[in-house]
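Read-outs: derived from the displayed coordinates by stated rules, not from any lab. None of the values given here were measured: they were computed from a predicted structure. A quick note on method: Cβ atoms are made from the backbone with ideal geometry, for glycine too, and the neighbour counts reach across all protein chains shown.
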Amino acid sequence: QEISADAPELSTHSESLEYLKEQGFRVSSMYRVCNTPEEVWSAVQKIGADRERLEYEIDGAVIKTNAFSQRERLGATSKFPRWATAYKYPPEKKFTRLKEIEIHVGRTGVLTPLALLEPVFLAGSTISKATLHNMDYIRERDIRIGDMVQIMKAGDVIPAVVSVDREARIQERETVPRTEFTMPETCPECGGPVLREAGEAAFRCTNPECPAKIYRGLIHFTSKDAMNIEGLGPAVLRVLCDQGLITGIGDIYRLKDRRAELIGIERMGEKSVENLLNSIENRKKNELYRLIFGLGIRQVGAAASKVLANHFGSMDALMQADPETLESLEDFGHITAESVYEFFQNPRTRALIAELKELGLNMVCETKAAPLVHSEITGKTFVLTGTLPTLKRADAQKLIEEHGGKCSSSVSSKTDYVLAGEEAGSKLERARQLGIRILSEEEFRELLK
């Protein structure tokens, strides 16, 4: 479609939309021109009421200044136009029947209750399962099997049960029985004993040989933030575990001796097996922090793994660390220090480390170059949020660390900068409340100069 060279001069956004419609372009029919705050609010509410009937999903409405001349006068910050703002609607909620509660066993042995629901269409997808978090969550809300429960997508992503229809419970007491849920005393995956530690909400399977724990531990070990073994995702791991080719982490590095069996697996093939084995071999040289993180120590994430690797320099030194030394590390508290100490005192851990050392995995932290001294970055704490235009988050974090700064996962009064991209969430709002300097990617690059 060609637009005439003598097209009319357009002075407002609504005029431009009408002109585009006249030229044959598809334009949203839901926009409204409002003249008062009351009209704006009425339009926002009308869009919210009608959003379920749209052909596409929306989670909010955008309010814009109509006149282009006013937009020019208002201008923009480094991140947002001053002539537009967004209103986000509350998450959509619906009631459905809770048919059963099943248990999911995680890599650390935590038993997580999962609600099995009568399927219901919610926020763009059909929901048949939702998290119940833990036993305390169920008891606080008095959730019972057979209840009509209200569900929503937390952050419009993760389905969760939020409340119970108690009137329906009374009305249906003669026709639909309700059953209180209790956490099993034995693991549904392996039959091992289940215990709840003092001070914790979680129930855990205590069997170290639990197949569910092993499988999910393998998923964590091979994941992108840990050993990053390409071609060894959850589906492939499931097949290899089911066929007995992998029963633990060490078996990953012995797959090269079972090439023929791998090629014989449906949909593997020689090329994919070759790529997988090459990836496994190459990842033996990974940085030490990746191995530490991949081991799945409770309370220890990727950032804490880097602290451990950089401070101790080798796996051997880390295994000999006492709780007092561990607790003295940056951002390490008593609970984390005890968790690390107990993990490496466990004979199973020590046997695994010896096995991986024998298999040729890197066990030392390469000497890092001294960070560049930079007056605006050295010693400063950054929080990253949202999607940056050109930099990946990992690359931005690396630049910060190379210049002597550090990254944190949450915004606090100790934060110096928040590096924010598109779709930045609550961290950005928290930074504004605390008066913390917010950087765009462009401003961040200027800071590096």
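Here are a few things to note about the model shown:
- Here the residues 257, 142, ranked from fewest to most Cβ neighbours within 10 Å of their Cβ, fall in the order 257, 142.
- Normalising the Debye intensity of the stretch 381-448 to I(0), with uniform scatterers on Cα atoms only, and taking log10 at q = 0.27 Å⁻¹ returns -1.35.
- Taking the Cα atoms of the stretch 13-88, the ratio Rg/Rh between the radius of gyration and the Kirkwood radius comes to 0.98.
- The alpha carbon convex hull volume per residue for the stretch 288-358 rounds to 74 Å³.
- Against the compact-protein benchmark of 2.2 N^0.38 Å, the Cα-based radius of gyration of the stretch 93-180 scales to 1.07.
- Violating pairs (Cα-Cα greater than 27 angstrom) within the set 153/306; 380/427; 94/213: 153/306; 94/213
- Taking other C-beta atoms within 10 angstrom as a stand-in for reagent exposure, 69, 29, 272 fall in the order 29, 69, 272, fewest first.
- Stokes-Einstein D (µm²/s) once Rh is taken as the Kirkwood radius of the chain over alpha-carbon pairs, at 37 °C in 0.692 mPa s: 122 µm²/s
- Within the straight-line cut-off of under 19 Å between alpha carbons, the lysines reachable from residue 256 are 271, 284, 285, 357, sequence neighbours fewer than 8 places apart in one chain being disregarded.
- Taking amide hydrogens as placed 1.01 Å from N in the peptide plane, the amide H of residue 386 sits under 5 Å from those of 421, 425, each at least 5 positions away in sequence or on another chain.
- Listing 352, 288 from fewest to most neighbouring C-beta atoms within 10 Å gives 352, 288.
- Across the stretch 62-107, the volume of the C-alpha convex hull divided among the residues equals 123 Å³ per residue.
- Cα-based radius of gyration of the stretch 211-285 once divided by 2.2 N^0.38 Å, which approximates compact folds: 0.99
- If you plug the beta carbon distance of residue 166 and residue 89 into 1/(1 + (r/R0)^6) with R0 = 35 Å, you get a FRET efficiency near 0.85.
- Coil-residue trypsin sites (Lys or Arg not before Pro) of the stretch 36-144, DSSP, other Cβ within 10 Å capped at 14: 82
- Gained length - residue 335 relative to residue 14, 0.36 nm times residue gap less alpha-carbon distance: 109.7 nm
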